[in-house]
Amino acid sequence: MHFSSCLCTLLVALVYQVSAMDTVIGLYGETVEVPCNNGAPKPKDLFITKWKYDNGDLLTQLKDQDASVIATNQYKDRVSMAENSSLLIAAASLKDEKIFTCMVVAGADISEYPVKLLIHKAPTRVEITALAAELEIGKPTQLGQCSAPDSNPAANITWFKNKKHLVADGKGIIISSKVKVDEVTGLTTTSSTLQYTAEKGDTDALFTCGTLNALSSPVSFTVTYPTERVSLHVISKGPLMEGDNVTLKCKADGNPLPTSFNFHIQRKVVKVENSDSYTVTDVTRDSTGEYKCSIIDNAKMEDSKNITINYLDMSLSPSEKVMKSAGESLALNLQTDASGELRVSWTKDNGKLDKMPKFDKLTYSDSGKYEVVVTMGALIKKASFELVVEGIPVIRRLAKQRGEDGQHKVLTCEAEGSPKPTVAWSVNGTSADESPYVNGKISYKLTIVPTVNLTVVCTVSNELGQDTRAINVSTCSSDDSDTTKLVVGVIVGLLLATVVVGLAYWLYMKKSKQGSWKTGEKEDGSTEESKKLEEKIEEKLEENSQKVEV
């Protein structure tokens, strides 16, 4: 009591100063530090420091002594003084929002530093509740309610769609908020309700709400809208062919999607429930036409497609093995029927032909396997026949010639026929040979050494018949005698030609002289011409003489 009286007397004699008020923000439930003189260093002549508020003193501290708590109310066990003279308040609550004053006595001055303490608290969570089951296009719907409980000051809630701020426009976006204060803690709970008119593009949109320091989890909604368009799709890997299965798929853009459709199949309506597809099996060319689909509750909401079933028919006559005789004719008949442009190609024994074969008069070379390929896009059809041209063998040529050594003869028998002819010679030879059998033709050779003049017979045959031809063959020495006779004949012929030329010359000269005598013409010209003619005759005689010597 004596200390307080002296202190009061002392304070009366001092100069009293009050500083401008500072503001400090503390966090709810934490220890709050309220600085004295904005945290300035203690004065050197410091005598006493005291903290107080409107309802009384809290604590004091004399120089070089520990602080003493004066408060007897709620602050008795919650206040203390820091080393720098700051006031420390533990477990801060909203009731601590008041003005605290730090009084400093130093020398002859008394200074007071008032500090306004504010307590802030972020909401414990931010969440969207009361979610709408779905959003319907064009219909205002309460999307949800965003709550931010236990905050101070009251939270300001903002709505977002796909992270973009939603601004209330009083039409498609209506936002209403309210704040509730807890009577015990004084904390506030802010609620914000969003009424939203959905659009078609809001499907899969993410909605969130948030405060300054917190954001809710995103939520999305099913957006419903009626079907506005139907499309029919033909499921196929390529052009449709006869015998294929055709799947029709009807797609709609409504949400939820329609589950039942009407398929219009060649003037028949097929109702399909719990599916958007229908399969037409084993289609034919008669399946070509217009196909439709529509939703059951609105027949005008439909789509159609024209479907073409491709087909290719082909028949070839003949189509199997054909046996014909050489010289006969064969008629080919190829018939086609298709839904598009055709391409026809022919081959014989795998060799390409320029055009369809024509058989007016069959020959052995016409034999073979013929194939026709008709294509139309991916469709391919083939047909073939085998042609066999038969005939009795005929010997086309029988010839002989001397061998290279001059000691033997080579006989050649060329034949034509089908099946392949075989050969039989009337004599035996030192060697026999045959050529390849091509297009009904074959050539047989026989080498012999004739010791006497003889007649050789060549016989060719097959299962249809035979042909025979003979040839005279002489010995090699007889051939030499024949050659000598030929040379003598040539010499005699040349001599006779010389005599004829001389006789002609004599007649000519005789006529020339008679003419000159009768006309009295000079004979000079005639004489010169006669000399020239005589020279030519002499040259001719000499030439013939040389030929004879050869």
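The values are calculated or read from the model by the stated rules, or taken from the named source; none is laboratory data. Keep in mind that what you see is a predicted model, and the values were worked out from it rather than measured. Note that we place each Cβ from the backbone using ideal geometry, even for glycine, and neighbour counts take in every protein chain shown. Remember, those area values only see protein heavy atoms, side chains included, never the ligands or the DNA or RNA. Shrake-Rupley method; radii C 1.70, N 1.55, O 1.52, S 1.80 Å.
Quick notes
- Taking 0.36 nm per residue of separation and subtracting the current Cα-Cα distance, fully stretching the chain between Trp425 and Ala168 would add 80.5 nm.
- Cut-off 12 Å between beta-carbons: net charge of the residues surrounding Thr363, Lys and Arg +1, Asp and Glu -1: -2
- Here the 3J(HN,Hα) profile of segment 319-333, calculated from phi with Karplus coefficients 6.51, -1.76 and 1.60 at θ = phi - 60°, is 10, 10, 6, 10, 9, 9, 9, 4, x, 6, 10, 9, 9, 9, 9 Hz, Gly and Pro shown as x.
- Integer Hz, Karplus 6.51/-1.76/1.60 couplings in order for segment 94-110, x for Gly and Pro: 5, 5, 8, 6, 7, 9, 10, 10, 9, 9, 10, 10, 9, x, 9, 10, 10
- The 1.4 Å probe gives accessible areas that order Ile128, Ile89, largest first, as Ile128, Ile89.
- Derived scalar couplings between HN and Hα for segment 289-299 equal x, 9, 10, 9, 9, 8, 7, 5, 7, 8, 5 Hz in order, rounded to whole Hz, by the Karplus curve 6.51 cos²θ - 1.76 cosθ + 1.60 (θ = phi - 60°), x for Gly and Pro.
- Only Cα sites of segment 316-357 enter the Debye sum here, all with the same form factor; the resulting log10 I(q)/I(0) across q = 0.14, 0.19, 0.34 1/Å is -0.46, -0.80, -1.23, listed in q order.
- Compactness of segment 126-250 as Cα Rg over 2.2 N^0.38 Å, two decimals: 1.62
- Cβ-based net charge around Thr60, under 13 Å, with every Lys or Arg adding one and every Asp or Glu removing one: +1
- Length gained on full extension, Thr279 to Ala82: 62.2 nm, using 0.36 nm per residue less the C-alpha separation.
- Local net charge near Ser315, Cβ-Cβ under 14 Å (Lys/Arg +1, Asp/Glu -1): -1
- In this label model, Asp253 and Arg267 are separated by 3.4 nm, measuring between points 7 Å along each Cα→Cβ vector.
- With Cα atoms as the point set, the radius of gyration and Dmax of segment 183-285 evaluate to 24.6, 86 Å.
- Rounded to the nearest 10 Å², the accessible area of Arg397 at probe 1.4 Å: 110 Å²
- Cβ-Cβ FRET estimate between Leu118 and Thr224, R0 fixed at 60 Å, reported to 0.05: 0.80
- Note on Arg469 and Lys358: with the Förster distance fixed at 41 Å, the Cβ-Cβ geometry gives a FRET efficiency of about 0.75.
- Accessible-area composition of segment 62-192, carbon plus sulfur, in percent [1.4 Å probe]: 50 percent
- Our estimate of slack between Thr23 and Asp337, defined as 0.36 nm per intervening residue step minus the Cα-Cα distance, is 103.0 nm.
- Accessible-area composition of segment 260-312, carbon plus sulfur, in percent [1.4 Å probe]: 41 percent
- With Cα atoms defining each centre, segment 300-354 and segment 207-251 are spaced 46 Å apart in the structure.
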